[in-house]
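Enquirer: One structure, pasted below without further comment.
The values are calculated or read from the model by the stated rules, or taken from the named source; none is laboratory data. Computed from a prediction, not measured in an experiment: that's the story for all the values here. Cβ sites come from the backbone with ideal geometry, for glycine too, and all protein chains shown count toward neighbours. Only protein heavy atoms, including side chains, enter the accessible area calculation; ligands, DNA and RNA are left aside. Shrake-Rupley method; radii C 1.70, N 1.55, O 1.52, S 1.80 Å.
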Amino acid sequence: MLRIVVCVSGGGTNLQAILDSIDNGTITHAEVAAVISNNPNAYALQRAERHGIPGACISPKQFEDRESFNEAFLQKVNSYQPDLVVLAGFLVVIPEIMIQKYRNRIINIHPSLIPSFCGTGYYGLKVHEGALARGVKVTGATVHFVDEGTDTGPIILQHPVAVAPGDTPKILQQRVMEQAEWKILPQAIDMIANGKVTVENGKVIIKET
Ligand code: GRF
């Protein structure tokens, strides 16, 4: 059974997709052990509570300096003994000490087709503003392992989404969530939970069976 800790900052629609997928069997051999948020008001924490999943709130704002937060955050994650850490709309930089301890065991959902519209400054609506400003006809979402860079780790899954005439950032964000994020994040977790994903020479190999 793959033990998962999900890190969130906002509405938690990606968390909900994971919970629903476990309930309906889209994800097998996995369980969410806890949900951690940096934002005490994150609706994602209410989603966890409704599902009977322990929630915790830990934020850099609670600490004198970043190093103290980083150590406390890692201890909090370790306390749940996860096999996999899922960043689902989590807006805090993951400490290097955590990336080293959980090498290729932290995944993130990003709302674009990496390497487009990613990296520092590209998060939430800003990603979709960038795609619309560039005039791309196709965007999408990416699930990737987290490494020391920003949105630079090995790519696990991607799914394309068409940009429609008249799209606003909000309309496009919703379509990318519905058509891509809420599908490929559960799919990636199920593949990992069933031993289908390995990383070789920095590239993801997916066992087809
Ligand atoms: C979404 O745009 C997602 O792509 C990004 O964070 C935003 C909020 O996600 N990772 P959620 O509703 O909190 O899951």
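Enquirer: Can you pull out every residue in segment 94-128 that is among the charged types (D, E, K, R) and either at pLDDT below 95 or within 12 Å of the ligand (Cβ to nearest atom) (or both)?
Expert: Step one: list which residues in segment 94-128 are among the charged types (D, E, K, R), which gives 96, 101, 103, 105, 126.
Scanning segment 94-128 gives a single hit, K126.
Enquirer: Can you say whether T139 is more than 25 Å from V32 (Cα to Cα), within 12 Å of the ligand (Cβ to nearest atom) and of a type in the set (S, T, N, Q), as far as the supplied structure shows? Break it down stepwise before answering.
Expert: On the way: more than 25 Å from V32 (Cα to Cα): yes; within 12 Å of the ligand (Cβ to nearest atom): yes; of a type in the set (S, T, N, Q): yes.
So T139 passes the test.
Enquirer: Could I ask something else about it? Of everything in segment 1-59, what is touching a residue at least 40 places away in the same chain (Cβ under 8 Å), hydrophobic (A, V, I, L, M, F, W, C) and near the ligand (Cβ under 10 Å from one of its atoms)? Give them in sequence order.
Expert: V6, V8, L15, A17, I18, A44
Enquirer: Do we have any residue at all in segment 70-87 that's within 13 Å of the ligand (Cβ to nearest atom), out of contact with any helix residue (DSSP H, G or I) (no Cβ under 7 Å at 6 or more places or on another chain), at pLDDT 95 or above and open to solvent by 60 Å² or more (accessible area, probe 1.4 Å)?
Expert: No: segment 70-87 contains no residue that is within 13 Å of the ligand (Cβ to nearest atom), out of contact with any helix residue (DSSP H, G or I) (no Cβ under 7 Å at 6 or more places or on another chain), at pLDDT 95 or above and open to solvent by 60 Å² or more (accessible area, probe 1.4 Å).
Enquirer: Can you pull out every residue in segment 12-48 that is among the hydroxyl-bearing types (S, T, Y), over 30 Å from K61 (Cβ atoms) and crowded, with 16+ Cβ neighbours inside 10 Å?
Expert: Here is the first cut: in segment 12-48, the residues among the hydroxyl-bearing types (S, T, Y) are 13, 21, 26, 28, 37, 43.
After this cut, where a residue has to be over 30 Å from K61 (Cβ atoms) as well, the list is 21, 26, 28.
S21 - this is the single residue of segment 12-48 that is among the hydroxyl-bearing types (S, T, Y), over 30 Å from K61 (Cβ atoms) and crowded, with 16+ Cβ neighbours inside 10 Å.
Enquirer: A follow-up question, please. Restricting the search to segment 150-209, which residues are among the charged types (D, E, K, R), within 12 Å of the ligand (Cβ to nearest atom) and open to solvent by 30 Å² or more (accessible area, probe 1.4 Å)?
Expert: Taking segment 150-209 and keeping what is among the charged types (D, E, K, R), we get 151, 167, 170, 175, 178, 181, 183, 190, 196, 200, 203, 207-208.
Applying the additional criterion that residues be within 12 Å of the ligand (Cβ to nearest atom) yields 151, 170, 175, 178, 181.
Within segment 150-209, K170, R175, E178 qualify.
Enquirer: Determine the pairs where a residue that is closer than 22 Å to I114 by Cβ, located within segment 164-182, has a partner that is assigned to a loop (DSSP other than H, G, I, E, B) with Cβ atoms under 7 Å apart, the partner being 6 or more residues away or on another chain.
Expert: Once the first residue is closer than 22 Å to I114 by Cβ and sits in segment 164-182, its partners that are assigned to a loop (DSSP other than H, G, I, E, B) give L172/V163; Q173/P111; V176/P111; E181/P111.
Enquirer: OK, next. Please go through segment 126-153 and pick out each residue that is at negative phi and assigned to a loop (DSSP other than H, G, I, E, B).
Expert: Restricting attention to segment 126-153, the residues satisfying the condition of being at negative phi are 126-134, 136-139, 141-150, 152-153.
The answer is V136, K137, V146, D147, E148, G149, T150, T152, G153.
Enquirer: Kindly list, by first and then second residue, each pair from a residue in segment 105-125 that is in a strand (DSSP E or B) to a residue that is acidic (D, E) and surrounded by fewer than 22 Cβ atoms within 10 Å (Cβ to Cβ), limited to pairs with Cβ atoms under 8 Å and residues at least 6 apart or on different chains.
Expert: Between residues of segment 105-125 that are in a strand (DSSP E or B) and residues that are acidic (D, E) and surrounded by fewer than 22 Cβ atoms within 10 Å (Cβ to Cβ), the close pairs are N108/D151; H110/D151.
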